[in-house]
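These notes are about the structure you will find just below.
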Amino acid sequence: MRSVTVSREIPASPDTVRKSILDIEPFTRAAGFDEVRVDGHQIEITNDVGVTEITLELDIVNDPDAVLAYEQREGIFEEMRTAYTLQPTDAGTEVRATTEFALDVPLVGEVLDATVISRQRRAELNAQFDYLETVAGTE
């Protein structure tokens with residue numbers, strides 16, 4: 001399994017950050033995906049990565065340690081899970097996102113590798129944290 005972790009301190013209370021994350025469609029869209037659809041506890045995202053288009057079907061899962069966690073139901077990964085956690089700080093809230101993934105090598109092949117996926121995921125998480133600074137940091 002590969003892992004990508006990004007963290008950032010957001011100048012807002014944990015409750016404000018939590019509400020912003022749980023507004024799932026705009027929070028997910030902030031990652032820069034080309035398409036986002038939320039239906040109950042399911043999220044479908046589509047994104048152009050390099051020379052290919054990736055569609056993932058995700059299930060929101062219960063994780064007592066995370067404000068939001070989801071796992072891939074259908075997509076390019078053998079396994080993929082992302083969890084967002086919050087920790088109060090003196091200046092606001094530290095948000096930490098960790099994505100763990102295992103590639104389905106025959107499906108992904110030579111077009112994408114773990115390095116490209118890790119770089120892309122790090123950029124997506126940072127874009128979501130930029131969104132949190134804009135939305136939650138103003139409340």
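Calculate the spin-label point distance for E35 paired with R96, positioning each point 7 Å from the Cα along the beta-carbon direction, and give it in nanometres.
So the two model labels end up 3.5 nm from each other.
For the chain, modelled as a Gaussian network with Cα springs under 10 Å, which listed residue fluctuates most, P64, P11, P26?
Comparing P64, P11, P26 in the GNM, the peak value goes to P64.
For V61, V17, what's the fewest-to-most ordering of other Cβ within 10 Å of each Cβ? Before the final figure, lay out the partial values.
On the way: V61 14, V17 26.
Lowest to highest Cβ neighbour count: V61, V17.
Could you calculate the contour length gain from N126 to L22, that is, 0.36 nm times the residue separation minus the distance between their Cα atoms, to one decimal place in nm?
Extra length available between N126 and L22 comes to 35.7 nm.
Set the Förster radius R0 to 22 Å, insert the Cβ-Cβ distance between D48 and S7 as r into 1/(1 + (r/R0)^6), and round the FRET efficiency to 0.05.
0.25
Take the Cα atoms of region 2-138, find their three principal axes, and give me the spread along each one in whole Å, biggest first.
Between the extreme Cα coordinates on each principal axis of region 2-138 lie 47, 29, 26 Å.
Starting with the fewest neighbours, write out M1, M80 ranked by other beta-carbon atoms found within 10 Å of each beta-carbon.
On the way: M1 10, M80 23.
Lowest count first: M1, M80.
Which of D63, D130 has the fewest other C-beta atoms within 10 Å, and how do the rest follow up to the most?
Ascending Cβ contact count within 10 Å gives the list D130, D63.
Computed from the coordinates by the stated procedures, all read-outs in this text should not be read as laboratory data. From a predicted model like this one, the values you see are computed outputs, not experimental measurements. With ideal geometry, Cβ positions are generated from the backbone for all residues, glycine too; neighbour counts draw on all protein chains shown.
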